[in-house]
């Protein structure tokens, strides 16, 4: 398979103008900023999907081209880039991987092109043509009961970045902890852009509160900084750290791995999930990129599936109508565009990998209150 994928930036796309022979998708993903460490995985995943679509193109499928928008910029710059591309008629749809803060700004901008947002979100349902493929941070399975049953946790601390997603997650987590009979010993929101000194103060206060476990509603480089601070103070051996929906393999690699047995995550997919489809996808990625291909994370797998789904809808002439239908029905009844496992897996860090806990253990004791 050797069909180079056309990947261009916003300015080149606007200079080239509309091309009805091509299906152009704006990839709004991080190249810089707090989430920049996740960018290579996303771009390699969508490049693989585009290459496979172009190689096997038939019927009503158009040639896929990717237009890059750096979601690591501030929200105003991201929204401006999206509006410019729409106004010029050079992009048919968007696929977004970025913070909930940017998500809210994009939803309020009055944009019209179909948009699939991949990560967890805070439960907002935007205008027509906007589909949040990830779980709501408010309604997704939390696994908090598992920690109570299997690790004996009843005293909790919560640390989160002070913006819409972590605030919504924090509210739901507080409610569930109290429902389970637990106590919240410390609860703190912090501004984005953590320094090492600020992170040490945060984890010190959580440890000093008497909490047995801390929920970290923090992502990207800020999460790495927070976890490194816990390690430098020796708190990684004293307190359980859990980052639901945010701690993936790239973050674990940036941390330098973890062997404490006290670092947990929950995602729809991990490298260690036993899935024939995932194994084949990973092998195709290595074949296309080489042995140094970025790790295939849950968000990368979502991005791959999302681009395939957008291209299929475009070929059927259902790009906007199908996303509107998905947005309007309950998640359990929707014709889910993703082929991956819809369950959130609970996993513990083992060095540079995650060990997924047996599903029967998760489901028997981790049901949401």
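Since every read-out is calculated from the coordinates, none of them should be taken as a lab result. Source: prediction; values computed, not measured. Every residue, glycine as well, gets a Cβ built from its backbone with ideal geometry; the counts of neighbours run over all protein chains shown.
Here is how the numbers come out for the structure above:
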read-out: Net lengthening on full extension, residue 283/residue 80 (0.36 nm per residue, minus Cα-Cα); value: 69.4 nm
read-out: Rounded if a/c under 1.5, otherwise prolate or oblate - the stretch 35-84, Cα gyration tensor axes; value: oblate
read-out: P(r), alpha carbons of the stretch 268-322 - 5 Å bins starting at zero, rounded %; value: 4, 18, 22, 21, 14, 11, 8, 2
read-out: Residue list for the stretch 172-209, given a label point 7 angstrom along the Cα-to-Cβ vector of residue 162 and an amide N cut-off under 12 Å; value: 188-193
read-out: Burial ranking of peptide ranges 42-48, 9-15 (average Cβ count within 10 Å, highest at the top); value: 42-48, 9-15
read-out: Alpha carbon centroid spacing (whole Å) that separates the stretch 277-301 from the stretch 154-203; value: 33
read-out: Taking 236, 84 and counting other C-beta atoms within 10 Å, the order from fewest to most; value: 84, 236
read-out: Cα gyration tensor shape of the stretch 1-52, rounded if a/c is under 1.5, else prolate or oblate by comparing a/b with b/c; value: oblate
